[in-house]
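Colleague: I am attaching a structure below and will ask some questions about it afterwards.
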Amino acid sequence: MKKTLIVQAHAKINVGLWVKEKRPDGYHEIASLMQSISLADTITIRETREEGLRIECSHPGVPLGPDNLVHKAARIVLEHFRLPACHVFQIEKNIPVAAGLAGGSADAAAAMLGLVRMYDQPIAMPQLMELGLLVGSDVPFVLHGGLALATGRGEHLVFHEPPRPPLAVVVAVPKGVQVSTRWAYENYQPGQNERKEEAFRQILPAYRNRQLVNLRHVLFNDLESVTLHRHPEVAELKERLAAGREGVVLMSGSGPAVFGLFPDRRLAAQAAANLDPQRYDVFLEHTIRASGK
Ligand code: ATP
């Protein structure tokens, strides 16, 4: 009988992003606190009679061929285990595309985990994360999930327990705005690093201890200077979401997604209610722990 499996692909937010120098290999050295959130795509993996990999997606803007990160990830896993490629991957897209939420990487990670589970393959998480890095810098983190301090190009990960109880998270994206991560890094002008080192060091303890007032004073995302300049509507969105003053608001990754962290769902819902649904896609979510925990 042909097998079918359904997996969830969780988005991430960057609770702080420090962009350091450009390396000889073209990547920037970064430091970021990455956090998985409940917002997720759903991927259904089906074995088929026909040879090859096929991608179907509910979102018209997502490539369906070998450019889809699910395609790339599936090929790597199937070749690694010498398994035949004869699958359909149906992606139900809920994570906004090209928004700084690592939706493509999350889908790729979910496809990898799904195939490993489908064929009961013996592989430890660190080895799977190494395979994931062949797909993209964010894939090792989203494979494991939870909370991690990421350095290097985002692949050196030190995991921590996420805040308890979870924080409520509002994610909002201005409709019709997409940002290429590559474009944002290419246009980034590095500034002074001394004050950032001290501020960045304080992010993890403030975040884990849910000290949102302290967090607001030290949190920064270097790519805001690039994306907010080109898309002033993202700056406006940040202001609107921060209007209630209870939350901590920041752009995620290269944007244009903006998130607000709130101590509870009621305050998050109040802040979300200030955002016009005609102008923004708005999601009321929460932080989550590592997959499988
Ligand atoms: P990151 O922050 O990891 O760079 P992002 O969240 O800004 O990513 P994605 O949603 O991952 O952006 O999409 C970036 C581009 O990747 C899209 O414009 C699309 O062409 C391509 N892509 C490939 N596979 C997928 C996928 N499964 N889902 C969404 N986009 C994909």
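The values are calculated or read from the model by the stated rules, or taken from the named source; none is laboratory data. Only a predicted model underlies this, so the values are computations on that prediction, with no experimental measurement involved. Positions of Cβ are backbone-derived with ideal geometry, glycine not excepted, and every protein chain shown enters the neighbour counts. Surface accessibility is based on the protein's heavy atoms, side chains included, excluding ligands, DNA and RNA. Shrake-Rupley method; radii C 1.70, N 1.55, O 1.52, S 1.80 Å.
Colleague: More than 16 Å from the ligand (Cβ to nearest atom), open to solvent by 30 Å² or more (accessible area, probe 1.4 Å) and assigned by TED's automatic domain parsing to the domain that holds Gln127: does that describe His229?
Modeller: For His229, the condition - more than 16 Å from the ligand (Cβ to nearest atom), open to solvent by 30 Å² or more (accessible area, probe 1.4 Å) and assigned by TED's automatic domain parsing to the domain that holds Gln127 - is not met.
Colleague: For region 23-37, give me each residue that is hydrophobic (A, V, I, L, M, F, W, C) and open to solvent by less than 10 Å² (accessible area, probe 1.4 Å).
Modeller: If the condition is that a residue be hydrophobic (A, V, I, L, M, F, W, C) and open to solvent by less than 10 Å² (accessible area, probe 1.4 Å), then Ala31, Leu33, Met34, Ile37 are the ones that fit.
Colleague: Applying the selection to region 92-106, what residues are part of a loop (DSSP other than H, G, I, E, B) and either open to solvent by less than 20 Å² (accessible area, probe 1.4 Å) or near the ligand (Cβ under 6 Å from one of its atoms) (or both)?
Modeller: Ile95, Val97, Ala98, Ala99, Gly100, Leu101, Ala102
Colleague: Could I ask something else about it? For region 243-252, name all the residues that are under 17 Å from Tyr207 (Cβ atoms) and in contact with a helix residue (DSSP H, G or I) (Cβ under 6 Å, 6 or more places away or on another chain).
Modeller: Within region 243-252, Glu246, Gly247, Val248, Val249, Met251 qualify.
Colleague: Going through region 38-56 one residue at a time, which ones are in contact (Cβ under 8 Å) with a residue 60 or more places away in the chain and open to solvent by less than 20 Å² (accessible area, probe 1.4 Å)?
Modeller: Leu39, Ala40, Asp41, Ile43, Ile45
Colleague: Quick one: Arg279 ticks every box in (1) open to solvent by 60 Å² or more (accessible area, probe 1.4 Å); (2) without any contact (Cβ under 8 Å) to a residue 40 or more places away in the chain bar one, so which box is it?
Modeller: Checking Arg279 against (1) open to solvent by 60 Å² or more (accessible area, probe 1.4 Å); (2) without any contact (Cβ under 8 Å) to a residue 40 or more places away in the chain, the one that fails is (2).
Colleague: May I pose another question? Quick one: how many residues across region 134-144 are crowded, with 16+ Cβ neighbours inside 10 Å and farther than 13 Å from Ala290 by Cβ?
Modeller: So the answer is 5.
Colleague: Next question, about the same structure. Between a first residue in region 154-171 that is in contact (Cβ under 8 Å) with a residue 40 or more places away in the chain and a second residue that is basic (Lys, Arg), which pairs have beta carbons less than 7 Å apart while being 6 or more apart in sequence or on different chains?
Modeller: As it stands, the answer is His160/Arg208; Pro162/Arg289; Pro163/Arg208; Pro163/Arg210; Leu167/Arg210; Ala168/Arg265, since those pairs meet every condition given.
Colleague: I'm checking my understanding of the structure. Among residues of region 57-91 that are within 15 Å of Asp41 (Cα to Cα) and away from the ligand (no atom under 11 Å from the Cβ), which one is most open to solvent (accessible area, probe 1.4 Å)?
Modeller: Filtering region 57-91 for residues that are within 15 Å of Asp41 (Cα to Cα) and away from the ligand (no atom under 11 Å from the Cβ), the one most open to solvent (accessible area, probe 1.4 Å) comes out as Pro60.
Colleague: Pick from region 156-197 the residues that are charged (D, E, K, R) and part of a loop (DSSP other than H, G, I, E, B): which of them is nearest to the ligand (Cβ to nearest atom)?
Modeller: Checking each candidate, the answer is Lys175.
Okay, residues lined up against (1) touching a helix residue (DSSP H, G or I) at 6+ places or on another chain (Cβ under 8 Å); (2) open to solvent by less than 70 Å² (accessible area, probe 1.4 Å); (3) not hydroxyl-bearing (Ser, Thr, Tyr):
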| residue | (1), (2), (3) |
| --- | --- |
| Ser225 | no, no, no |
| Glu233 | no, yes, yes |
| Leu241 | yes, yes, yes |
| Ser254 | yes, yes, no |
| Pro263 | yes, yes, yes |
| Asn274 | yes, no, yes |
